[in-house]
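Report on the following structure.
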Amino acid sequence: MAVQTMDKKVKGYVLWEIQNYPETKQKLKEYQNGASHKVYVSSLYLQRMEQTVGAIEKVLQRIDPLQAKMVELIYWRKTHNAAGAGLQLGASERTVYRWVEQIVYDVGRKLGYWM
């Protein structure tokens with residue numbers, strides 16, 4: 001049986017959502033609190049933002065704290081690359097890439113993009 005992998009474009013999109021999670025979460029809060037009342041936002045768009053933020057939060061809650069720190073260093077603070085984050089966290093560069101891949105697959109699964 002062949003091992004299936006996530007489509008490259010879908011994988012890129014899920015990774016983009018993870019990278020932009022802090023901004024998406026902030027926008028969602030603003031829309032929900034009415035701070036952006038001048039902008040019309042469809043309920044479908046808000047639903048999608050809620051689903052995305054919820055999926056990422058669920059995955060982040062269940063992963064190892066080192067993995068969550070890795071996501072923060074590489075994708076949110078943008079202060080480290082994979083090798084630097086690995087060095088900081090006591091993991092190899094390859095392990096960091098494996099963590100990223102697993103997180104992307106888990107978020108993709110929660111969003112319904114992966115089985």
Query raised in the report: So which residues in the stretch 67-82 are in contact (Cβ under 8 Å) with a residue 24 or more places away in the chain and of a type in the set (A, V, I, L, M, F, W, C), if there are any at all?
Result: 70, 71, 74, 76
Requested in this report: Identify, by number, the condition in (1) surrounded by 13 or more Cβ atoms within 10 Å (Cβ to Cβ); (2) more than 13 Å from the chain's Cα centre (by Cα); (3) free of Cβ contacts under 8 Å to residues at least 24 places away in the same chain; (4) within 19 Å of residue 18 (Cα to Cα) that residue 93 doesn't meet.
Outcome: (4)
Report task. Name the one entry in 6, 1 that is hydrophobic (A, V, I, L, M, F, W, C), modelled with pLDDT under 95, out of contact with any Gly (no Cβ under 7 Å at 6 or more places or on another chain) and not in a helix (DSSP H, G or I). Result -> 1
**Report entry** Test result for residue 56, under 11 Å from the mean Cα position of the chain (by Cα) and in a helix (DSSP H, G or I)
**Finding:** yes
**Report entry** Check on residue 109, without any contact (Cβ under 8 Å) to a residue 12 or more places away in the chain and in contact with a helix residue (DSSP H, G or I) (Cβ under 9 Å, 6 or more places away or on another chain)
**Finding:** yes
Query raised in the report: Do the conditions hold for residue 104, that is, is it under 22 Å from residue 4 (Cα atoms), of a type in the set (A, V, I, L, M) and surrounded by 12 or more Cβ atoms within 10 Å (Cβ to Cβ)?
Result: yes
Report task. Have a look at 78, 25 and point out the one that is assigned to a helix (DSSP H, G or I), over 24 Å from residue 115 (Cβ atoms) and out of contact with any Gly (no Cβ under 9 Å at 6 or more places or on another chain). Result -> 25
Requested in this report: Working only within the stretch 27-42, note down all residues that are surrounded by 11 or more Cβ atoms within 10 Å (Cβ to Cβ) and modelled with pLDDT of 80 or more.
Outcome: 27, 28, 29, 30, 31, 32
**Report entry** Search result, residues across the stretch 10-31 that are under 16 Å from residue 55 (Cβ atoms) and either within 8 Å of the chain's Cα centre (by Cα) or among the small types (Gly, Ala, Ser) (or both)
**Finding:** 14, 15, 16, 17, 18, 19, 20, 21
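The values are calculated or read from the model by the stated rules, or taken from the named source; none is laboratory data. Fair warning: this is a prediction, and the values are worked out from it, not measured in the lab. Every residue, glycine among them, receives a Cβ derived from its backbone with ideal geometry; neighbour counts consider all protein chains shown.
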